[in-house]
Amino acid sequence: MVFSSPIFLFAFLPLFLIAYYLTPFRGKSYVILGASYVFYAWWRIDYLMLFIALTAWNYSLGLQIAKREKEESKKWLTLGVVSNLATLCYFKYTNFGISNLNAILEWAGTQPLPLADIILPIGISFYLFHCISYLVDIYRRDAAPVTRFVDFAAFISLYPQLVAGPILRYKDLAHQFRHRVHDWTLFSHGVMRFIQGFVKKVLIADSLAPVVDMCFASSNPGLLDSWLGALAFTAQLYFDFSGYSSMAVGLGCMMGFRFTENFNMPFMSQSFSEFWRRWHISLSSWLRDYVYIPLGGNNAGIRKTYRNLSITMLLSGIWHGAAWTFVVIGAFYAVILCIERASGVSNRRDPGLRGVVRTIVCMTITVFVLAMFRAPSVPDGISLYAGMLGLNGWTGDGVHLFYPGFSLLMVAVAYVTIYVIEPLYIGRPQFTPITPWHQRADVAYLLVALPLFGLAISRLLAQSYSPFLYFAF
């Protein structure tokens, strides 16, 4: 089940909200848990059993870590982190490892090994990161262990963020499970954010898919096709994922939760370091706090700082998927961030024309790097890069002649939205106080958003499938 589906919009969500608001506060976690398990089981009920087992395992580990002394609790933490990562590696990287081993065996003239019959559980990268951060926070004494199993299970399975984030931390939500406010202001803000995300996903991201699919399927993309396809994919990925994140934040508000924002106008960045802080914020901050800083961060000398950056970026790439394309992307990230740190531009913003030029350069690099994200393989990505560098000529095989006109129009609409509309209205990050001005802005925004929401629903009903790109990770 996905948010942009009729069954979710017209059955699951209304029934859930009715049950949720009719239930006393102490029982709301049970409603969340039951609804989240139904939401997840809609994909595969057998993998729900794995999900429940991992939840119980991490809950018990948290109790052991909390009640023991530092040295003893460290052993339990190690067990928890290793077991969670081993589970993730088994499901996500086993066949990747076998495939690479087979390449070596075939080169050596040996019979290759059969691939394992493994299906990647949806959202496993996200909910296992939730579990790991919970155990680490308990070990660091940044949060007390949850007292009720149902609250922990509801946190891990919270359906708005279950299968595609944002990555939440229990220490940020612990007090909200003990007490949260349910009022019309927060609920209406949640509805607005859900509508915003739904429109971004269905009207913009889905409309860009034909251009992206045709370009990346081309065997000889020219300069025009390569850059148009890469620009379309960058916008598709952004509106797909930020749209999902907006819907998740909105659903959280409807339930009285306040999630952190996952995007903050990343394409206004003047450096890739700044882009990394603005794009998929929950992942970048998670890697900073649980990987980069424990490695030593930037307090261990220049060479070790570069090492820590490189390890963190490579892990970021690998986290996204079991393919060499993601390793290449992680290496791109590492090289670019190290260059920026060495040149001193990573934490600097320039005003005026100089700042605009830096934003254009950063955007160009971002589009170039993300093209590999979409490529089926590294050779396919290199072929696209050849086109982007003009090595295949201006038109290549002329695939641009077959792009749907509406999809081309939506590429322009996407970037007008990024650079004009979003800077004018991007919501209220971190839930700043709602002033009368904000309320008037919300009303004006809804007058525009509601017709677009109706149009998006019409489009949704007319198309057969509307997947989220990040479900694959």
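Values quoted throughout were computed directly from the atomic coordinates according to the rules given, and no laboratory measurement underlies them. What you see is a predicted model; the values in this text were computed from it and never measured. So basically every Cβ, Gly included, is an ideal-geometry build from the backbone, and we count neighbours across all protein chains shown.
Structural remarks
- Under 15 Å, Cβ to Cβ, from Gly381 - net charge with Lys/Arg +1 and Asp/Glu -1: -1
- For the chain, the C-alpha radius of gyration divided by 2.2 N^0.38 Å, with N the number of residues, is 1.00.
- Helical segments meeting 24 Å axial Cα length and Kyte-Doolittle 0.0 threshold in the chain (DSSP H): 45-67, 70-107, 223-254, 302-320, 324-343, 352-374, 436-462
- Whole-Å distance, taken between Cα centres, linking the stretch 123-184 and the stretch 197-251: 30
- Count of Lys pairs (Cα-Cα under 23 Å; at least 8 positions apart or interchain) in the chain: 6
- Volume per residue of the C-alpha convex hull in the stretch 6-180, rounded to whole Å³: 134
- Spacing of the two label points (7 Å from each Cα toward its C-beta) at Leu50 and Ala462, in nm: 3.8
- The sum of -39500 (n - 2.57) across all DSSP H runs of n ≥ 4, divided by the residue count of the chain, sets its helix-only mean residue ellipticity at 222 nm to -21500 deg cm²/dmol.
- Taking the square roots of 5 times each eigenvalue of the Cα gyration tensor of the stretch 137-273, largest first, gives ellipsoid semi-axes of 36, 18, 13 Å.
- Local electrostatic count, Tyr21, Cβ distance below 15 Å [Lys/Arg +1, Asp/Glu -1]: +2
- Three-way shape label, the stretch 62-130, alpha-carbon gyration tensor, a/c 1.5: prolate
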